[in-house]
Every structure is written in C-alpha cells, then in structure tokens.
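Worksheet: the structure to be examined is printed underneath.
Any read-out appearing in this document is the output of simple, stated calculations on the displayed coordinates, not a laboratory observation. None of these values were measured; they are calculated from a predicted model. No Cβ is skipped: glycine too gets one built from the backbone with ideal geometry, and neighbour counts run over all protein chains shown.
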Amino acid sequence: MDNFFSDERTSDPEEITRLLYKNWREQFALPLLLGVLVFGTIVLIPAINASSNLIIDAAFIIVYIITGLVTAIRFSYTIRMTVFLTGIYVLGLGELITHGVLGDSLIFFFGLIVFATLLISPRTGIWAALINIFTFAFFAFLFLNGEITPLNPYASPATLADWFSAIGVIVMFGAAVILGFQRLEKEFLGAQKQIDLTLNALKSERNNLESNVEERTQQLRKINEIGRFVAGILDPDELLPVALQRIEAEFGFYYSAFFLINISGQWAELKAATGEAGRVLRENKHQLDLNGNSAVARAIRTRVGQISLGGKADQVQIETPLLPYTRSQIVLPLITGDVIRGALEIHTTQENAFTPADLSTFQNMANEIAVALENARLFKEAQQSLSEMRATQRQYLQGAWQTLTEEKDLEYALGDNDSSVGNEMEIPLALRDQVIGQLQLVGAAEWNPEQRSLVEAIVTQAALALENARLVEESQSLAAREKLANEIIAKVWASGSMEGILQTAVRELGRSLEAAEVEIEISMDKSENEQ
C-alpha cells in the first residue's frame, strides 16, 4: 500500500482507489476459488447422485474441472473470474432447467449479479442482470408454450406471474446491489481523496517543520559562533566593530549598528555601524533621543525587541535617508542583569524577514554580546585600577628607597673598582618595575648567557630580600615608636597634677628625642594671635 502513495504515477486519488481495489480483488480471487473447490466437492457429489440427467451432470463436472484448472494454473485475474462467473451461471441455468423458475435458480442468478459487480465492476453487474433477464424471458417463453418441461417431474408448474415475479426480483435486487456498490465506491473514493489531502497537508507541514528546524539550527549555530568569538575580546572599543563584522559574515545583513546610552541617559549614541552609511553616521556623531519614537528608543525604553516589517500594514521607520533599501528592521536591547547598555539595530532588504521566533533567537545573540561588552568594560576598569595601583606602588617604593638611601650608604663593593681592565656586566635591581639599585660585575673573560641568567636570578631574589628587610626594619621602627609613645602616654596619665603632667611630658620627650631644650607653654593669647 505504501508504494501507491509514494509512486508518482499513482498520485491521483481516483487512480489510487482503483489500484487498491484491484489489489484487494486479486488477493481475494485465489481464496475464493479454493473455497469454491472445497465446498463444490461437498455439494457436487450428492447433486450428481441425485440427478438423472447426464447433460446437467456433465455440465457441473466440466465447470468444476475448469475451475480447478484456473485455480491451480496461474491464469490472469480476468480469466479466473470469467470462469467463476460462468460456473455460477451454469449452476443457475441447470437449476432453472431442472426445477423451473420456482426452484433455487433465482439464488444463483442473483449471486451472479453480486459477484460480477463486486469482483469486476458495476458495469459487468449490469450485463449480468441483462443476461439473467434475457435467460428468464427465453425460458419463460419455452416453458409457458410447452416447448420444454422441467427435468424434475415433481417440479411445481409456474405461471406467467411467477416468471414476471422472478424477473422483478432480479431487477430490484440487482439494481440495489449495483447502485449500492457504486455509492460505496464513490464514498470510498471521497474518503481516499480526503486521506490524500490530509497526507499532503501533513507532508507539507512536515517539510515546513523540517525546514524551520534546519533554519533555526543554522541560526543558533551562527549565533553561538558569534558569542564564542566576541567572548574572547577584552577591549570594549574593539569588541563592537568586531561583533558587527562577525554578524555581517554570518548573516549578510544590509546594515547593522550598535547604540550605547550616553552618560546623561538621554541619548543613544552610535558607536559602531557597517557599510558606507555607518561610516557617514559615525563621522556625524549620529545619536537618537531616547524619548523619541524610533525603534531603537522604544527597544531601550521597554527593554523588549522591536520588529518592523515591509508592506503597507507595517511600514519600516527610516531614521536616516542613507538606508533607502531597508525593508525589514529588528532592534534588540543590550541588557546585562538589570542594567540596559544600549541596542543592536539590524536592517535587511527583504520584506517580512523577521518573525517573533527570530526575535527570541537574535535576542540571545544580543545578550551574549552585552555580557561580553560588560566583561570587557570590567576588565578595562580592572586594568586601569591595576595600573594606578602599580603607579602608586612604584611611587611608594621610589620614595621609601630614596629616603632610605639618603639616610644610609647602601653600597658594597668587592675587588678593584676598575672597569677598564675587563668585561663589565650591569644588572638593575628592580622591584615591581621600579629600579632601586644596580649590580655591577667586572671580569677578565666575557660573560656568557648562562652566567648572565644566573646573575639575573640572584639579583631578582636579592631585590626581594632587600625589600623584605626594609619592610622588617620599617615595621620594627614603627613598633618602637609606638612602644615609646605608649610609655610616655602612660607616664603622663600617671601624673596627678597639671604641673606633673607638663614636667613628665617635657622630661620624657627630651630624653627620648635627645633634645637639648624642650618647652611647653599654655597661653590663650598666643592661640588667639595665631588665629
């Protein structure tokens, strides 16, 4: 059955119905003939024993043998059914000659109409009905005129009314069978047409679904590729142009642009755009009012993507005459968390190019770009903060070592300080990109790379050790000062009078700082004069 639906030559529902019916009849023919042979054997033997007419018996036997031959030998369907219908007619004719019209012949003749209609066609059923009518009319003439008599001497005599009644039964029931089968065939054909329409609709829907799935898969693949690519860019100024290049390479849109909200929050400034129109707009510092009615402004205000399609029902709003071929437009907000950064605007030259499903798909791309942009911004801020910290640290190291070298002579030499008698190698002592000193070596032989690497490694560790020593000394000095201050404060607080407090403060400060003279004076006049 599946071949009938898939074969292009049988795409017509009416032809499919005929082929299905033909296939059923041919499959039904052999079991029917086998059943006739089996039940015919059971009926034929008693019938021959009871019959005294050799002609009738010979006719029955010949029909049975021919039926057996067409069953055993692979004849065509038409020959097999012709033999089968002929056998039914012969049986009916034999019953009519033997018992007359009041016998069982009517059953066989009616069966002839039924099987001719069912197994071949309604037209064949009509011919079978006409043959039956002619047969009854012919034998009615012979029997009523006394030309022949029934072979069974005990058969009931038939009147003209009986013959008309038999013909009427044949006509009535034969017409019912033929018309009913035609009606059934018509209904079956209608059902087959409906099934064919349903199958075509399902096939079309399946093809559309497969096409949509394939298209959506390709879109997601391209979007994932764009997201993966921009995720590795950590420069905000580089990210947006590169993202537009990837979008152009993957989708080939007519125009694409990124708008970012400025510091005032009132305007969306064009930061990157494709094509000649994008270059001109960037040079003119193109920006859009966020309170305006542009698609970009609406997308940023509502945080919902906007689609504008071509056609009379939904005209695309063109904010600039530099894009005359725009027929469809989609604007996607750039959102990271609860913060909206701007919008991605895309134009195409095709009408009705975007659907609500596309809005959801491309919004995922905009979200990935927004996250990458936010990561790049945070990375840039972190780099700036790190640079500031390094600059501050260099200033601190420079100041600390400058003060230390002014207080102490931090120079040590071994050997003769004469660089003119050998090869000289100078290695700077650096702490976090800040040079705090220098190591100088002079040797008779030329210094090789391995020796230089060894010296550099030692100098690096020496610089770290010097810094640690300085920090230890600084912390020890700070601890000593704090200890001294705590001791003086404790002694000051231990004094019970104002004179004792002043004397203790002067004495302890002079002793601790080794001052030649220390004086404390309390005077409101001097304070007022200083003010």
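Observations on the structure shown:
- By the count of neighbouring beta-carbon atoms within 10 Å, fewest first, 196, 433 end up ordered 433, 196.
- Using the Cα coordinates of the range 419-494, the gyration tensor eigenvalues translate into equivalent-ellipsoid semi-axes of 45, 12, 8 Å, sorted from longest to shortest.
- The relative contact order of the chain, computed from alpha carbon pairs under 8 Å that lie at least 6 residues apart in sequence, is 7 percent.
- Helical segments meeting 24 Å axial Cα length and Kyte-Doolittle 1.0 threshold in the chain (DSSP H): 54-72, 77-99, 122-144
- Working ranking of peptides 363-374, 176-187 by packing, defined as the average number of other Cβ atoms within 10 Å per residue, highest first, is 363-374, 176-187.
- If the convex hull is drawn through the Cα atoms of the chain, its volume per residue in Å³: 500 Å³
- Among 36, 339, the ranking by other beta carbons within 10 Å of each residue's beta carbon, starting with the fewest, stands as 339, 36.
- Of 178, 350, 188, farthest towards positive along the dipole that unit charges on Lys, Arg, Asp, Glu beta carbons give the chain: 178
- Cα gyration tensor shape for the range 238-382, rounded if a/c is under 1.5, else prolate or oblate: rounded
- Cα centroid of the range 226-298 to Cα centroid of the range 440-518, whole Å: 58 Å
- Backbone geometry of the range 331-336 corresponds, through the Karplus equation with coefficients 6.51, -1.76 and 1.60 at θ = phi - 60°, to 3J(HN,Hα) couplings of 10, 10, x, 9, 10, 10 Hz, x marking Gly and Pro.
- Candidate cross-link partners of residue 380 among the lysines, defined by an alpha-carbon separation under 22 Å and a same-chain spacing of 8 or more, comprise 271.
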